[in-house]
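Participant: Quick one: the structure is below, and I'll ask about it shortly.
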Amino acid sequence: MELDLSPKLAQKLYGGDGGSYHAWCPNELPMLKQGNIGAGKLFLSKNGLALPRYSDSAKVAYVLQGNGVAGIVLPEKEEKVLAIKTGDAIALPFGVVTWWYNKEDTELQILFLGDTKTAHKPGSFTDFFLTGSNGIFTGFSMEFVCRAWDVDESTAKALVGNQKDNGIVKVDAGAKMPEPNKDHRNGMALNCLDAPLDVDIKGGGRVVVLNTKNLPLVGEVGLGADLVRLDGNAMCSPGFSCDSALQVTYIVRGSGRAQIVGVDGKRVLETTVKAGNLFIVPRFFVVSKISDNDGLEWFSIITTPNPIFTHMAGRTSAWKALSPEVLQASFNVTPEVEKTFRSKRMNSEIFFAPSN
């Protein structure tokens, strides 16, 4: 059966005045289930609070838009309260408790991509809420709640039952919320827009890679990630992950064209991609993108914390490493054609600026 690799948009699952949560469905994007990958987006309006929760999956969060506050509690550790902004990436091992808050006028948008091999449903995140109408303690009897928290029944009923909303609420404008601690960002978050560039090619594009060196928590999550910004009409070299990793790509902004080639040299996807799209590149399949006039920006996770890629064009491509005789015989071309081929792209790496 052929897999549907076409890009998809997220669907709204729940929400209210405080914001909404959207996710990609494995039934619409089968590679999510096959690759054990989950994907979702959180939207918080002003004074919106995403109630404390933990998940059955390890994730990487990426702030698509806005400024806000994140609360993160690692197992048996103190709460970390972080100021977050556009471009921040945060590694979230499974089982951590998180909450998210927006006190600004601009909507806060956060992307979640993660590994669902520990999840109840392959290809989907399941969140367990600490409070709200679907909070964990709504399922326990009052006897158990009272004894667990050492409170009387009236107090237990208030704690369990007063919050009628689920998932996301809107906090009163005058309510006091925790202030971020600047020291809490250390080792917890990396801003991909401010971080040193791993690749910077004039007229081509730029890359920041998240790995165990610049964000050690990705080792616990088991995922790597990168932010790629492709300039207008530039091309990203055809390439593949050579360590059997899946690449899950969310288009942050801009638009362009993408092609994926798989087994037996068959093109399995040719499509236009635009902001909001999510698509997945299967293991060892080769992918390339060409941006439109305004450029193309995407955030990807790779299902290994320190990914390795092989590129099929450019100065560092596998072709340049092969001997001339092997190339000539493999392509069945004359020495002159082989020399012409080898002489090209000697100064270009990964990204190719448009020709004048």
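Participant: Scan region 92-110 residue by residue and report those that are buried (at least 20 other Cβ atoms within 10 Å of the Cβ) and outside any strand (DSSP E or B).
Facilitator: 94, 96 - these are the residues of region 92-110 that are buried (at least 20 other Cβ atoms within 10 Å of the Cβ) and outside any strand (DSSP E or B).
Participant: Identify the single condition in (1) under 20 Å from residue 35 (Cβ atoms); (2) surrounded by fewer than 22 Cβ atoms within 10 Å (Cβ to Cβ); (3) aliphatic (A, V, I, L, M) that residue 302 does not satisfy, given that it satisfies every other one.
Facilitator: Exception for residue 302: condition (2).
Participant: I need the full set of residues from region 111-121 which are open to solvent by less than 60 Å² (accessible area, probe 1.4 Å) and assigned to a loop (DSSP other than H, G, I, E, B), in order please.
Facilitator: Answer for region 111-121, where residues must be open to solvent by less than 60 Å² (accessible area, probe 1.4 Å) and assigned to a loop (DSSP other than H, G, I, E, B): 116, 119.
Participant: Now, a different point. Collect the residues in region 207-244 that are modelled with pLDDT of 90 or more, touching a Phe, Trp or Tyr at 6+ places or on another chain (Cβ under 8 Å) and assigned to a strand (DSSP E or B), keeping them in residue-number order.
Facilitator: Residues satisfying the conditions are 225, 226, 227, 228, 230, 235, 236, 237.
Participant: Just checking, how many residues over region 22-78 are among the basic types (Lys, Arg) and assigned to a strand (DSSP E or B)?
Facilitator: Qualifying residue count, region 22-78: 3.
Participant: Sticking with this structure for a sec: Taking region 196-208, which residues are under 18 Å from the mean Cα position of the chain (by Cα) and crowded, with 22+ Cβ neighbours inside 10 Å?
Facilitator: Passing the criteria: only 208.
Participant: Looking at 89, 175, which one is of a type in the set (A, V, I, L, M) and either exposed (fewer than 14 other Cβ atoms within 10 Å of the Cβ) or at pLDDT below 95 (or both)?
Facilitator: Answer to the selection: 175.
Participant: Can I ask one more? In region 303-352, how many residues are in a loop (DSSP other than H, G, I, E, B) and modelled with pLDDT of 90 or more?
Facilitator: 4
Participant: Can residue 280 be described as surrounded by fewer than 23 Cβ atoms within 10 Å (Cβ to Cβ), in contact with a Leu (Cβ under 9 Å, 6 or more places away or on another chain) and assigned to a strand (DSSP E or B)?
Facilitator: Taking the combined requirement at face value, the residue does not satisfy it.
Participant: Also: Taking interchain pairs and intrachain pairs at least six residues apart, which have beta carbon atoms under 8 angstrom, with the first residue in region 333-356 and without any contact (Cβ under 8 Å) to a residue 60 or more places away in the chain and among the basic types (Lys, Arg) and the second open to solvent by less than 80 Å² (accessible area, probe 1.4 Å) and assigned to a strand (DSSP E or B)?
Facilitator: 345/352
The values are calculated or read from the model by the stated rules, or taken from the named source; none is laboratory data. Bear in mind that the values here come from a model prediction, so they are computed numbers and not experimental data. A quick note on method: Cβ atoms are made from the backbone with ideal geometry, for glycine too, and the neighbour counts reach across all protein chains shown. Calculation scope for accessible area: heavy atoms of the full protein, side chains included, ligands and nucleic acids excluded. Shrake-Rupley method; radii C 1.70, N 1.55, O 1.52, S 1.80 Å.
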